[in-house]
Amino acid sequence: MKISVIGCGYLGAVHAASMAKLGHDVIGIDVDKAKVEALSQGKAPFFEPGLPELLVEGVQSGSLRFSTNMSDASDAVTHFIAVGTPQQKNGSGADLAYVNGAVDALLPHLKAGDLVVGKSTVPVGTAERLAAIVEPTGAQLAWNPEFLREGYAVKDTISPDRLVYGVRRNAGDGLNSKARSELVNSDRSAVDILNEVYEHAVSLGTPLVVTDYATAELVKVAANAFLATKISFINAMAEIAEVTGGDVTELADAIGYDARIGRKFLNAGVGFGGGCLPKDIRAFTARAEELGRGESLAFLKEVDAINLRRRDRVVELVVDALGGSAYQKKVAVLGLAFKPNSDDIRDSPALDVAVRLHGLGARVIATDPEAISNSRLRHPQLAFGSTVEALADADAVVLVTEWTEYKDLDPARVASAVRSPVIVDGRNCLDPGAWRAAGWRYIGLGRR
Ligand code: UDX
């Protein structure tokens, strides 16, 4: 199938490359010239395992092209909207400027029978509004949220754990009769077209939910709200464990054995970040307030507050470990990305901790396997270095992104590099016994 993907960021670039891998003929469109040039040469503009290989394969075979020119989407019959919906600059709602801009720019190139598929995370009600703009061209609109996790984005796109299609229940409502009959009689339904796009996943028996626009939009934000709540729940338990001498990791193991609860997403630590969870719970809350149902999601404000408190707590623990003042002390910050296997620093708790310690006068040397260049662009005031440079003569070490190479550090060897063997494990990912045995003062979050 001829497919266009509008927006080639973390979502769109992976979607475009994965669609080409699945045998489709794909054009990726983005307004960023440098990004399009890199992608056209098969280079990934960000770190995502497996993506470079797919880009090279697709570009070399000719099934994957990129352009800054929207008219290049004219040949495609299915158009994915994959642009960002960041938090508004002056509010907590989602900024829809890119989605609106993408649809407006695509409109002149749409033809009867085309399908526009929204993938961006949007406030409920957006699809209904966009359908009214798209349908007069004879094209249909569907909403098909993505659930990809950075670091596993290729796998999650090619083999998703579920597919959700939000489709128009009464296509063409509000159109004149000619336009309506063109739309309704268009060759195939949105569901048929999406089933062809995702034939690989469909043939494997991937669960499929076909629903209305509102539900499809809500599925995405509800899933992220649930995940965020689960993480903040265990972080709240960590706060209680801290004042009672309990251990949140053992608590998580014990409650996680209950299959109804499950152990996943119960890792207490410095909290969640990234381009989705934080802004999605804020936008969802803002949308509920607009709808007059603010009280239904008021708890998400608490989820956000618990999450942000964990950053304060990590900084506090580091300052305590330094004897009450960070001023002029050398601190090794291990990790900058919001999670491992990513170079994404959007709303990253790790980067936030580094910035705050720097603000307290500490001599911070921050390190990360992939996220240093993004961090330097955002915070040029910070000092960055290799793991060895960060650890050398450090007065304290703080681990804030659980990259495997930090989890695998040998406590005895690290002890000989630092000035003072004290570590704050902001991800509760180290073995306290092993570190203590090597002479370290080990401090976890909500851990004995
Ligand atoms: C998330 C959703 O998982 C995905 O389905 C959606 O499409 C986009 O948002 P992602 O942002 O890539 O994906 O990251 P995820 O793996 O969900 O982690 C989010 C944050 O939660 C990270 O900062 C991570 O470190 C943190 N986290 C996760 C915890 O603090 N504890 C946990 O137990 C799990």
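The values are calculated or read from the model by the stated rules, or taken from the named source; none is laboratory data. Just so you know, these numbers come straight off a predicted model, no measurement behind them. In this analysis, Cβ positions are derived from the backbone assuming ideal geometry, glycine residues included, and neighbour counts consider all displayed protein chains. Heads up: the accessible areas ignore ligands, DNA and RNA and are worked out on the full protein's heavy atoms, side chains in. Shrake-Rupley method; radii C 1.70, N 1.55, O 1.52, S 1.80 Å.
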Enclosed volume per residue, in Å³, of the convex hull spanned by Cα atoms of segment 249-444
129
Considering only the other residues whose Cβ falls under 15 Å of the Cβ of Thr206, what net charge follows from Lys and Arg at +1 and Asp and Glu at -1?
-3
Over all Cα pairs of segment 1-66, the Kirkwood radius sets Rh, and Rg/Rh then becomes 0.90
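Using helices alone, what [θ] at 222 nm do you get for the chain, with -39,500 (n - 2.57) per DSSP H run of 4 or more residues, divided over all residues and rounded to the nearest 500?
Values: 19 runs with 193 residues, N = 448.
Theoretical 222 nm ellipticity from helices: -12500 deg cm²/dmol.
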Out of Ala238, Ala97, Ala153, a Gaussian network model of the chain with alpha-carbon springs under 10 Å gives the largest mean-square fluctuation to Ala97
Quarter of the surface of the C-alpha convex hull for segment 183-268, i.e. direction-averaged projected area in nm², equals 8.0
Which whole number of Å³ per residue matches the convex hull of the alpha-carbon atoms in the chain?
151
With DSSP loop assignment and no more than 15 other C-beta atoms within 10 Å, the trypsin sites (Lys or Arg not before Pro) in segment 218-299 are Arg260, Arg263, Lys264, Arg293
Build a GNM of the chain with springs between Cα atoms under 10 Å: which of Pro123, Pro380, Pro136 gets the top mean-square fluctuation?
Pro380
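Using only Cα atoms, figure out Rg for segment 36-179 and give it as a multiple of 2.2 N^0.38 Å.
Details: Rg = 16.6 Å, N = 144, 2.2 N^0.38 = 14.5 Å.
This ratio for segment 36-179 stands at 1.14.
Å³ per residue of the Cα convex hull, for segment 196-354?
Working: hull volume 27.6 nm³, N = 159.
That works out to 174 Å³ per residue.
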Check which residues have an amide H placed less than 5 Å from Gln140's amide H, if you skip close sequence neighbours.
Gly113, Asp114, Leu115, Val116
Residue among Leu409, Leu11, Leu227 with the largest mean-square fluctuation in a Gaussian network model of the chain, springs linking Cα atoms under 10 Å
Leu409
Of all DSSP beta bridges with both partners in the chain, the antiparallel percent, nearest 5, is 5
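Using the heavy atoms of the protein chains and a 1.4 angstrom probe, tell me the accessible area per residue for the chain in square angstrom. Intermediate results must be reported in sequence, preceding the final value.
On the way: 18980 Å² over 448 residues.
For the chain, the solvent-accessible area averages 42 Å² per residue.
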Once neighbouring chains are kept in place and the probe is 1.4 Å, which whole percent of the accessible area of the chain is contributed by carbon and sulfur?
54
